[in-house]
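Peer 1: To start, I am sharing the structure in question, which I have written as structure tokens.
Every number in this text was worked out from the coordinates using simple rules, so none of it is lab data. Predicted model only: the values in this text are computed from it and were never measured. Backbone-built Cβ (ideal geometry, glycine too); neighbour counts: all protein chains shown.
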Amino acid sequence: MDSMTVLVVGAGAIGGVLAARLALAGHRVAIVARGAHCAATAQRGALLLETSEGVACAPVAAYDTLRAAPDAQAVFVTVKAHQLAPIADDLAPRVRAAQVFVPIQNGIPWWYFQHSEGPHAGRIVRAVDPDGHLAALLGNAVIVPAFAQVAAEVVAPGRVVHQAFAADAFPLGPLAAAHEDAAARAAALIGSAGFNAPLTDVRRFVWVKLLGNVWANPIGALTGATVAQIATHRMGRPLALALMTEAQSVARALGVDPSIDFEQRLERARTLRQGVKASMLQDVERGRETEHAAILGALIELAELARVDVPHVATLQACMELLDDNRRSRS
């Protein structure tokens, strides 16, 4: 495809890998990052991408604020869900100027009921958008949500590692039928970077992704266990199954059937994710706030809406809130 201008907001692990591969594919890429990661990238004029094939130097322009960053044809936002609200005012003009806006977050997203039909059309998911600010500012953009099925980690400022697997992909799709052409362009853009980007029903895929995140992320954050360790542990495995069962019950009560084989999901985690740490565990290790509100809190909110009991999810959410509160009080 023709070269495009791309802005990646939140170029940490997933955003960094995506930005680097897009730059190496010939696109003009700018990133918004923070701290030493941004400084190292700006000084070098490039992100370092480490893979099994070696280290590649991907030319990108780095900015520490959205206000300083340029407009682009495609805007990818890969910050965690709880980091969206603080940047929404500055993000809105970039999104409006773009041909396509691709949010990539874990958990139940702020846009879940936007451009939807049925009894909950337009509903605000308060766990991730408490005052409806995100929906008001970003809801009218050309939104093509995507989901990261990629293992990555920032291992040093300006250096990201991509642990590649055959199943790596960025499934995506439009929120509205009018945005189908934009979704096809976004898929082609991601495909040019060497990733599979299948078009999918994004509201269904929220649950497909959540059925992995709902156990791997909080259990990993609380215990320090890798994804594979949780999937094979004599007590971790049944807990993961219980959490997936509760999440699927909420989905079905809201009219969505993820159609996932739980045992196959755990087996895939065992065979494909040796040594991989879930993103919440990476955040805990770096002293950062975790995305439990999007993965657990929003699920509890939708469970209450659907009148479904989720005791295992609620227990983990209480534990995660205690973990974050205690870490915050010590900082």
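Peer 1: Taking H as built 1.01 Å from N, whose amide H comes closer than 5 Å to the amide H of His115, not counting residues under 5 places away?
Peer 2: Gly122
Peer 1: Please report the relative contact order for the chain, taking Cα pairs under 8 Å with a sequence separation of at least 6, and give it as a percent rounded to a whole number.
Peer 2: 16 percent
Peer 1: Per residue and in cubic angstrom, what volume does the convex hull of the Cα atoms of region 154-264 have?
Peer 2: Output value, Cα hull per residue: 139 Å³.
Peer 1: May I pose another question? Does region 33-95 come out rounded, prolate or oblate, given a ≥ b ≥ c as the square roots of the eigenvalues of its C-alpha gyration tensor, rounded meaning a/c under 1.5 and, failing that, prolate meaning a/b above b/c?
Peer 2: prolate
Peer 1: Okay, moving on. How large is ³J(HN,Hα), in whole Hz, for each residue of region 257-262 in order, when computed from phi with the Karplus curve 6.51 cos²θ - 1.76 cosθ + 1.60 and θ = phi - 60°, using x for Gly and Pro?
Peer 2: 10, x, 6, 10, 7, 4
Peer 1: What list of ³J(HN,Hα) couplings, whole Hz, do you get for region 25-32 from phi and the Karplus terms 6.51, -1.76, 1.60, once you set θ to phi - 60° and write x for glycine and proline?
Peer 2: Calculated HN-Hα couplings, in order: 7, x, 7, 8, 10, 10, 10, 10 Hz.
Peer 1: Also, I was wondering about something else. Determine one quarter of the surface area of the Cα convex hull of the chain, which equals its mean projected area, and express it in nm² to one decimal.
Peer 2: About 15.5 nm², averaged over all directions.
Peer 1: Answer rounded, prolate or oblate for region 207-308, using the Cα gyration tensor with square roots of eigenvalues a ≥ b ≥ c: rounded when a/c is under 1.5, else prolate when a/b is larger than b/c, else oblate.
Peer 2: Oblate shape, in that a/c is at least 1.5 and b/c is the bigger or equal ratio.
Peer 1: May I pose another question? Take region 1-115, drop everything but the C-alpha atoms, weight them equally and run the Debye formula without solvent; then report log10 I(q)/I(0) at 0.19 Å⁻¹ to two decimals.
Peer 2: Treating every Cα as an identical point scatterer, log10 I(q)/I(0) equals -0.98.
Peer 1: Nearest 20 debye, what's the magnitude of the dipole of region 5-200 about its Cα centre given +1 on Lys and Arg Cβ and -1 on Asp and Glu Cβ?
Peer 2: Computed charge dipole of region 5-200: roughly 260 debye.
Peer 1: For the chain, build the charge dipole from Cβ charges (+1 Lys, Arg; -1 Asp, Glu) around the Cα centre, then report which of His312, Ala13, Phe101 sits farthest towards its positive end.
Peer 2: Ala13
Peer 1: Using the Kirkwood formula on the Cα atoms of region 211-254, what hydrodynamic radius do you get, in angstrom to one decimal?
Peer 2: 10.5 Å
Peer 1: Hey, what do the phi angles of region 92-100 turn into as Karplus ³J(HN,Hα) couplings, whole Hz, using 6.51/-1.76/1.60 and θ = phi - 60°, x for Gly and Pro?
Peer 2: Per residue, the Karplus-derived 3J(HN,Hα) values read 3, x, 5, 5, 5, 7, 8, 6, 8 Hz.
Peer 1: With +1 on each Lys and Arg Cβ and -1 on each Asp and Glu Cβ, and nothing else charged, work out how big the dipole of the chain is about its Cα centre, in Debye to the nearest 20.
Peer 2: Dipole of the chain, to the nearest 20 debye: 540 debye.
Peer 1: Could you tell me, in Å, what Rg and Dmax come out for the Cα atoms of region 5-200?
Peer 2: Calculated on Cα positions, Rg and Dmax stand at 16.0, 51 Å.
Peer 1: A further question on this structure: Arranged by the count of other C-beta atoms within 10 angstrom, fewest first, what order do Ser249, Ser3 take?
Peer 2: Placing the least packed residue first, the sequence is Ser3, Ser249.
Peer 1: Note down the nm distance, to one decimal, between modelled labels 7 Å out along Cα→Cβ at Ala178 and at Thr315.
Peer 2: Here the modelled spin labels are 4.7 nm apart.
Peer 1: Same structure, new question: Using amide H atoms built in the peptide plane, which far-off residues or other-chain residues are under 5 Å from Val100 H to H?
Peer 2: Residues meeting the criterion, in which the H sits 1.01 Å from N, are Val75.
Peer 1: A further question on this structure: If we count other beta carbons within 10 Å of each Cβ, what is the order of Glu53, Glu304, Glu291, fewest first?
Peer 2: Going from least to most buried by this count: Glu53, Glu304, Glu291.
Peer 1: Indicate, rounded to the nearest 5 percent, the antiparallel portion of the DSSP beta bridges found entirely in the chain.
Peer 2: Taking every DSSP beta bridge with both residues in the chain, the antiparallel ones total about 35 percent.
Peer 1: Taking only Cα atoms and a 10 Å spring cutoff, compute GNM fluctuations for the chain and point out the largest among Thr290, Thr232, Thr78.
Peer 2: Thr232
Peer 1: Summing -39500 (n - 2.57) over the DSSP H runs of n ≥ 4 in the chain and dividing by its residue number, what mean residue ellipticity at 222 nm do you reach, to the nearest 500 deg cm²/dmol?
Peer 2: -13500 deg cm²/dmol
Peer 1: Now for a different question. With 10 angstrom as the radius, rank Met235, Met4 by how many other C-beta atoms surround their C-beta, starting from the fewest.
Peer 2: By the 10 Å Cβ count, ascending: Met235, Met4.
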